[in-house]
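Report on the following structure.
Rule-based calculations on the coordinates, nothing more; no lab input. Predicted model, so just to flag it, every value in this text is computed and none were measured. FYI the Cβ positions are ideal-geometry reconstructions off the backbone, even for glycines, and counts take in every protein chain you see.
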Amino acid sequence: MGKLMTTTLYIVGTPIGNLSDISQRALDTLRKVHTIAAEDTRVTKKLLSRYEIKKPVISFNSKNYKNKIASIQKLLETVDVALTTDAGTPGISDPGHELIRAIEHLDVSIIPIPGASAVTSTISVSGFPINQFYFAGFAPRRESELKSLLESTLKLNVPIIMFESPNRLKKLLELLSKYAKERNVLIMREMTKIYEERFYGSILDAINHFKDPKGEITLILEPTNFVETLLEEKEVITLINKLRSEGLKTKAIAMEITKVTNLNSSESYKKILESDKKTTP
């Protein structure tokens, strides 16, 4: 007798907003599996309807995963299953990892089907040198937990990436202003959708900007030494002196410094004043 074929659990990345971002391989996979385990069946059925795919869809999310794992294991004894999340790649801030761990001992292949991710999409437009980063998932809700997170990652000196809901963004920014006010943030809202927004600036500017935000939010808190990695201190002073010699006023110089260093406007002004003091006889 030949060896029995193993079944497969496909971890399928799906769009984070724009349904056109689905890959051809993901569509082919969804068409060939027997059943799709979805974080939100309504979201996945909308995607399936767009591409005329008819498959059984079962719910698998943070509220019911403990009760659903056994039934998915049973399915995987004989058929292939695809796992999808609301948006993006399963296994990131959802119970996908619980299912994977539960079937590790079974004769089941586990295959990723790459797709969209809010994390990597935000990284790609951050402008930060992100060869390393810390992903915190959804931002801590308690002030003590956020403070602990900031203190522990400060030693790493890497960008911190967090998810947040629109109704909690203001609270998060207010807490960040207490413990990391000298650092800037990159915020992406409603990525790939009609009202997509990219914001970069100081935490205070972000508080003033996001009065009543809508949609999903991904935030990157820049590392503490980001400015120095872009331009050395002496290079900033040299640039200020060069712009002065060209006849630019302080406001115009500050704008140029902000562009090349990612200092906010007030920090650029301060840097210019410090430079003027050093060069004044």
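Computed values, structure above
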| read-out | value |
| --- | --- |
| Simple spin-label estimate for A102 and V125 in nanometres, 7 Å along Cα-Cβ | 3.6 |
| Rel. contact order, % - alpha carbon contacts under 8 angstrom, at least six apart, the chain | 17 |
| Ellipticity estimate at 222 nm from DSSP helix runs (n ≥ 4, -39,500 (n - 2.57)) divided over the chain, nearest 500 | -12500 deg cm²/dmol |
| GluC sites (Glu not before Pro) within the stretch 1-102, DSSP loop, no more than 13 other Cβ atoms inside 10 Å | E52, E77 |
| Evaluated at q = 0.13, 0.21, 0.23 Å⁻¹: base-10 log I(q)/I(0), Debye formula over Cα of the stretch 119-225 | -0.41, -1.16, -1.42 |
| Extension gain (nm, one decimal) between K170 and K45, 0.36 nm per residue minus Cα-Cα | 41.7 nm |
| Where labels lie 7 Å past Cα in the beta-carbon direction, separation of E274 and N18 in nm | 4.1 |
| Burial order of peptide ranges 105-117, 152-164 (average beta-carbon count within 10 Å, highest first) | 152-164, 105-117 |
| Which listed pairs, of K46/K147; K32/K63; K45/K178; K171/K234; K74/K147, have C-alpha distances above 32 Å, in listed order | K46/K147; K45/K178; K171/K234; K74/K147 |
| Fewest-first sequence of D40, D94 by Cβ atoms within 10 Å of each Cβ | D40, D94 |
| Farthest toward positive dipole pole in the stretch 119-225 [+1 Lys/Arg, -1 Asp/Glu at C-beta], among I187, L154, P140 | P140 |
| Gain upon complete extension [R198, R25; 0.36 nm per residue less C-alpha separation] | 59.4 nm |
| Rg to Rh, two decimals, where the chain supplies the alpha carbon set and Rh follows Kirkwood | 1.10 |
| GNM flexibility winner over the chain from L30, L248, L47 (Cα, springs under 10 Å) | L248 |
| Geometric extent, Cα atoms of the stretch 26-94 - Rg, Dmax (angstrom) | 11.5, 31 |
| Of all DSSP beta bridges in the chain, antiparallel share, percent nearest 5 | 45 |
| Computed lengthening from I58 to A252, 0.36 nm per intervening residue step minus Cα-Cα distance | 64.0 nm |
